[in-house]
Amino acid sequence: MNYFDTYDLYYENLLLLQYDASELFQHMLTKGEIREEFIIDVLQKQYTNVRFARGVITDGNIQSGQNDIIILKKGARIRTISNGNTICAEPKDCHAVIEVKSNATGTDIRRFEQKVEELKSIDKNNSLICGMFCYKVSLKKTNLLKMFGYRFDKDLDSYINGMNREIHHLDFFLNIQKEDLECIEDQVYFLKDNLGGYQLQYDYPMIKNFFALLDGLNCI
């Protein structure tokens, strides 16, 4: 493993350890907010010239629901709602929207699919990247992969793309789940391709794919 992969693995394990540490809090909303803030802190330390915020996106007529993380473009006009990190922004001023889930269910993924469809309708330039970041997924891996069009082929002993998929609008989906810091069997990363399907990425550490996506947004 090269130095950069070691650095990414450090952050992946750090996020998982912080997830476990935040379990001390009983209030579910508090846990969620603490985890979102920690992810933003991890990203901010690596992308020092990028603005990360929570808030809504609107074209002036249609308004989205609250978004966990919005990655803003340089020069974006900031309309503060309640504090310095909760904003209202136009689609043209946003690179991406990230939904954060502690333990995503199938219902959570379907609801976000609907939310992304709404966000895409607001974004007339069709440039907004929308995806989900999960610490864990409350689904069997086979059922999760079916949602993105994959099935397990016994002859090939691997997952292959070829099923009717349930998800169409998400641009990416990342699950960094591990039973322990050495086990990577439950991890998965899907990236939407140019044909509208999803490529299952296998580069490890898994969060490396997520950082590569952010690099490609030309945020810096």
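Some values worked out for this structure:
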| read-out | value |
| --- | --- |
| Those residues of the range 161-220 which are open to solvent by less than 70 Å² (accessible area, probe 1.4 Å), β-branched (Val, Ile, Thr) and more than 17 Å from the chain's Cα centre (by Cα), in sequence order | Ile184 |
| Only one of Lys101, Lys146, Lys154 that is without any contact (Cβ under 8 Å) to a residue 40 or more places away in the chain and in contact with a strand residue (DSSP E or B) (Cβ under 6 Å, 6 or more places away or on another chain) | Lys101 |
| Among the residues listed as Leu43, Leu29, the single one being outside any strand (DSSP E or B), of a type in the set (A, V, I, L, M) and open to solvent by 60 Å² or more (accessible area, probe 1.4 Å) | Leu29 |
| Flag for Met147 being at pLDDT 90 or above and either hydrophobic (A, V, I, L, M, F, W, C) or open to solvent by less than 70 Å² (accessible area, probe 1.4 Å) (or both) | yes |
| All positions within the range 56-97 that are farther than 21 Å from Glu36 by Cα, open to solvent by 50 Å² or more (accessible area, probe 1.4 Å), part of a loop (DSSP other than H, G, I, E, B) and touching a residue at least 24 places away in the same chain (Cβ under 8 Å) | Asp59, Gly60, Ile62, Lys74, Glu90 |
| Extreme residue, modelled with the highest pLDDT, among residues of the range 187-218 that are small (Gly, Ala, Ser) and part of a helix (DSSP H, G or I) | Ala212 |
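The values are calculated or read from the model by the stated rules, or taken from the named source; none is laboratory data. What you see is a predicted model, and the numbers here were worked out from it, not measured in a lab. Note that each Cβ is placed from the backbone with ideal geometry, even for glycine, and that neighbours are counted across all protein chains shown. When the accessible area is computed, the model is the full protein with side chains, heavy atoms only, and any ligands, DNA or RNA have been set aside. Shrake-Rupley method; radii C 1.70, N 1.55, O 1.52, S 1.80 Å.
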